[in-house]
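Enquirer: This structure is in structure tokens; I'll ask about it shortly.
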Amino acid sequence: MARAQLSHEEWEFIGPFLPIGRFGPYPERLREQFEGVIWRFRTKSQWREMPERFGAWQTVYNRFMRWRNAGIFQALLEEAITEAARRDEIDMSLVNVDSTTTRAHHDAAGMRVREETLAALKETASQKGGASEGQGGPDGENDPVQAERRRTRRRRRAQLKVALLGRSRGGLTSKIHLAADRRCWPMVLVLTAGQAADSPQFIPVLNKLRVRLPVGRPRTRPAAVAGDKAYSSRANRAHLRKRRIKAVIPEKKDQAANRREKGSQGGRPVTHDTDPYRDRNTVERAINRMKDWRGIATRYDKTPESYLSGLHLRAATIWIGSLPQA
């Protein structure tokens, strides 16, 4: 007998977001199916191994796919953040940005990609590489075997690019870029391939930060943003200055050395407030809370949309479970 995944108060918050439709299960079965989705991501088990109390696994899986395509999990996270803002439970004085790498299980490989998408990606890769399909061998003669091998490699790279999977020392990986407040609650989630750098994703993460308030426009500008040395770049600091956001980011040693070599033309020394920088542990703790679910700590989903839906679901349960009961 599987234990309950949600409390009565949590289900009262989640229930209105699930569309019933003209056909399908009765409303009283929706909670069991939603808890089945939570059980799957929490235990990293296969859909076929789902206990009977959640219903037929095919029905739960199909319901999850419909909810995923409709954006229910992202909307649930946004509404949980809005409810926290309505109760004045959000601390926007400091937002911490960081990333974490998740190992992809071998079940996550093999995503089906449309042929036209693969053809477009392979064409782009061939243009960047500057080599034609027929070249092969040191003498430049055509080699059908080598050409077929190159086509196979390009096809695999294109599949990994679409699936947001990257090659690392540990194998296939994905990277989660997130922003969290001082209460260890994740606010923004961005998924990339595992080898993606942190600094280029700094601005996209901040651009997705939106806190809807009961009255007025959504709040998108925190008082300060903290990050480690990986986010130290001119583009990121210029973006924060343009938006009048305080940067709590230490400078890299090589950047400081290059600035000193330039003398007066190198600009002013970069400083950061050490007191708020100590609160960067909140984003690390938020990552640990996200990875409490085994289906989040290791990626088992082939499509990035399914895995990102699991991330939104986990973040939403953190917010809903942390809100004080009214």
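The values are calculated or read from the model by the stated rules, or taken from the named source; none is laboratory data. Not measured: the values here are computed from a predicted model. All Cβ positions, even for glycine, are placed from backbone atoms using ideal geometry, and neighbour counts span all protein chains on display. Remember, those area values only see protein heavy atoms, side chains included, never the ligands or the DNA or RNA. Shrake-Rupley method; radii C 1.70, N 1.55, O 1.52, S 1.80 Å.
Enquirer: Evaluate the relative contact order of segment 195-302 (contact order divided by residue number), counting alpha-carbon pairs under 8 angstrom at least 6 apart; express in whole percent.
Expert: Across segment 195-302, relative contact order equals 20 percent.
Enquirer: Continuing with the same structure: Could you calculate the contour length gain from Asp254 to His8, that is, 0.36 nm times the residue separation minus the distance between their Cα atoms, to one decimal place in nm?
Expert: 83.1 nm
Enquirer: Can you figure out the FRET efficiency of Gln46 with Arg149, using R₀ = 25 Å and their beta-carbon distance, to the nearest 0.05?
Expert: According to the calculation, E is roughly 0.15.
Enquirer: Which value, in Å², gives the accessible area per residue of the chain when a 1.4 Å probe is used on the protein heavy atoms? Spell out each step's value before the answer.
Expert: On the way: 17980 Å² over 326 residues.
I get 55 Å² per residue for this part.
Enquirer: For the chain, modelled as a GNM with alpha-carbon contacts under 10 angstrom, which of Arg103, Arg169, Arg237 fluctuates the most?
Expert: The residue with the greatest mean-square fluctuation here is Arg169.
Enquirer: Now, a different point. Got the relative contact order for the chain handy, in percent, Cα pairs under 8 Å and 6 or more residues apart?
Expert: 25 percent
Enquirer: Continuing with this model, one more query. Express in nm, to one decimal, how much length is gained between Ala230 and Arg217 on full extension, taking 0.36 nm for each residue of separation and deducting their alpha carbon distance.
Expert: Between Ala230 and Arg217, full extension yields an extra 1.5 nm.
Enquirer: Please give the solvent-accessible surface of His8 in Å², to the nearest 10, using a probe radius of 1.4 Å with every protein chain present.
Expert: Accessible area, nearest 10 Å²: 110 Å².
Enquirer: Oh, and also: For Asn69 and Glu115, FRET efficiency with R0 = 25 Å and r from the beta-carbon atoms, rounded to 0.05?
Expert: 0.70
Enquirer: Still on this structure, please answer the following. Quick one: if you stick a label point 7 Å off each Cα along the C-beta vector at Lys242 and Arg210, how many nm between them?
Expert: Rounded to a tenth, the inter-label distance reads 1.9 nm.
Enquirer: Here is a follow-up. Using only C-alpha positions, report the orientation-averaged shadow area of the convex hull of the chain, nm², one decimal. Kindly include the intermediate steps, with their values, before the conclusion.
Expert: On the way: hull surface 90.9 nm².
Reported value for the Cα convex hull: 22.7 nm².
Enquirer: Roughly how much of Ile14 is accessible, in Å² to the nearest 10, using a 1.4 Å probe?
Expert: 0 Å²
Enquirer: Using a Förster distance of 41 Å, how high is the FRET efficiency between Gln265 and Asp91, based on the Cβ-Cβ distance and rounded to 0.05?
Expert: 0.55
Enquirer: Starting from the residue with the highest accessible area, list Thr220, Thr271 in decreasing order, probe 1.4 Å.
Expert: Most to least solvent-accessible, the answer reads Thr271, Thr220.
Enquirer: Something else about it: Roughly how many percent of the accessible protein surface of the chain is carbon and sulfur, given a 1.4 Å probe and a whole-percent answer?
Expert: Values: 8550 of 17980 Å².
Carbon and sulfur atoms account for 48 percent of the accessible area of the chain.
Enquirer: Over the chain, with a Gaussian network built from C-alpha contacts below 10 Å, which listed residue (Thr152, Thr303, Thr43) shows the highest mean-square fluctuation?
Expert: Thr152
Enquirer: Okay, moving on. Just to verify a number: what accessible area does Trp57 come out at with the full protein assembly present, 1.4 Å probe, Å² rounded to tens?
Expert: We get 60 Å² for Trp57.
Enquirer: Please go through the residue pairs Lys161/Lys208; Lys175/Lys302; Lys161/Lys291; Lys175/Lys291; Lys208/Lys242 and name each one whose alpha carbons sit more than 20 Å apart in this structure.
Expert: Going by Cα-Cα distance, Lys161/Lys208; Lys161/Lys291 fall outside the 20 Å limit.
Enquirer: OK, next. Taking every DSSP beta bridge that has both residues in the chain, what percent is antiparallel when rounded to the nearest 5?
Expert: 75 percent
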